[in-house]
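J.: Handing you this structure, nothing more for now.
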Amino acid sequence: MEAENTILALAALAQSTRLETFRLLVKHEPDGLPAGEIARHLGVPHNTMSSHLNVLSRAGLVHSERHSRSIIYRAELDRFREVVTYLLQDCCGGHPGVCAPLLNILTPCCSPKEKAHG
């Protein structure tokens, strides 16, 4: 990932409503949420929410799909992983102890769902 794309994503998240919008959408993966519901959750006027969603969309952090009369927004988790990977790539510089605390924090709190045996 190029630095310019990372800067665009970070700039989009560097505003409280957009950051909270992205976090809310992550919590509602994989189903996503309608734009109006996002606005209600965050107490933001619909037209303002639309502007924030457009910024996040241009940064590649969310995408939308039309379902009947609603537009459903979902977080682009692959794009977010690219941003985080870009930031952390080569972070230890040959000194694993530098990144070890961060990696411990990022270790998933939940184990993956076990596949049903059948």
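J.: Among the residues of region 36-46, which ones are open to solvent by less than 30 Å² (accessible area, probe 1.4 Å) and either touching a strand residue (DSSP E or B) at 6+ places or on another chain (Cβ under 9 Å) or closer than 21 Å to ILE7 by Cα (or both)? Don't jump to the end; show me each part of the working.
T.: Let us first name the residues in region 36-46 that are open to solvent by less than 30 Å² (accessible area, probe 1.4 Å), namely 36, 38-39, 44.
Residues satisfying the conditions are GLY36, ILE38.
J.: Of all the residues that make up region 50-64, how many are buried (at least 18 other Cβ atoms within 10 Å of the Cβ) and free of Cβ contacts under 8 Å to residues at least 40 places away in the same chain?
T.: So the count comes out to 2.
J.: Could you tell me whether ARG81 is of a type outside the set (Gly, Ala, Ser), closer than 16 Å to ARG23 by Cα, exposed (fewer than 15 other Cβ atoms within 10 Å of the Cβ) and out of contact with any Asp or Glu (no Cβ under 9 Å at 6 or more places or on another chain)? It would help to see each step written out before you state the result.
T.: Numbers: of a type outside the set (Gly, Ala, Ser): yes; closer than 16 Å to ARG23 by Cα: yes; exposed (fewer than 15 other Cβ atoms within 10 Å of the Cβ): yes; out of contact with any Asp or Glu (no Cβ under 9 Å at 6 or more places or on another chain): yes.
Yes.
Results for (1) open to solvent by 70 Å² or more (accessible area, probe 1.4 Å); (2) within 12 Å of the chain's Cα centre (by Cα), shown as yes or no for each residue.
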| residue | (1), (2) |
| --- | --- |
| ALA3 | no, no |
| GLU20 | yes, yes |
| THR48 | no, no |
| ARG66 | yes, no |
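J.: Across region 6-18, which residue is most open to solvent (accessible area, probe 1.4 Å) among those that are of a type in the set (Gly, Ala, Ser) and either part of a loop (DSSP other than H, G, I, E, B) or in contact (Cβ under 8 Å) with a residue 24 or more places away in the chain (or both)?
T.: Filtering region 6-18 down to residues of a type in the set (Gly, Ala, Ser) leaves 9, 11-12, 14, 16.
Cutting the leftovers down to either part of a loop (DSSP other than H, G, I, E, B) or in contact (Cβ under 8 Å) with a residue 24 or more places away in the chain (or both) gives us 9, 11-12, 14.
On the way: ALA9: 1, ALA11: 57, ALA12: 3, ALA14: 84 Å².
Out of the qualifying residues, it is ALA14.
J.: From VAL55, VAL26, grab the single residue that is touching a strand residue (DSSP E or B) at 6+ places or on another chain (Cβ under 6 Å) and assigned to a helix (DSSP H, G or I). First the steps, then the outcome.
T.: On the way: VAL55 fails: touching a strand residue (DSSP E or B) at 6+ places or on another chain (Cβ under 6 Å).
That would be VAL26, the only listed residue that is touching a strand residue (DSSP E or B) at 6+ places or on another chain (Cβ under 6 Å) and assigned to a helix (DSSP H, G or I).
J.: So which of ALA14, ALA39, ALA9 is touching a helix residue (DSSP H, G or I) at 6+ places or on another chain (Cβ under 6 Å), hydrophobic (A, V, I, L, M, F, W, C) and under 27 Å from ASP90 (Cα atoms)?
T.: That would be ALA9, the only listed residue that is touching a helix residue (DSSP H, G or I) at 6+ places or on another chain (Cβ under 6 Å), hydrophobic (A, V, I, L, M, F, W, C) and under 27 Å from ASP90 (Cα atoms).
J.: Let me ask something additional. I need the full set of residues from region 22-35 which are open to solvent by less than 70 Å² (accessible area, probe 1.4 Å) and more than 17 Å from ARG69 (Cβ to Cβ), in order please. Walk me through it before giving the result.
T.: Of all residues in region 22-35, those open to solvent by less than 70 Å² (accessible area, probe 1.4 Å) come to 22, 24-26, 28-29, 32-35.
The answer is PHE22, LEU24, LEU25, VAL26, HIS28, GLU29.
The values are calculated or read from the model by the stated rules, or taken from the named source; none is laboratory data. Because the structure is predicted, anything quoted here is derived from the model rather than measured. Virtual Cβ from ideal backbone geometry, glycine too; neighbours counted across all protein chains shown. Ligands, DNA and RNA are excluded from the accessible area calculation, which covers all protein heavy atoms including side chains. Shrake-Rupley method; radii C 1.70, N 1.55, O 1.52, S 1.80 Å.
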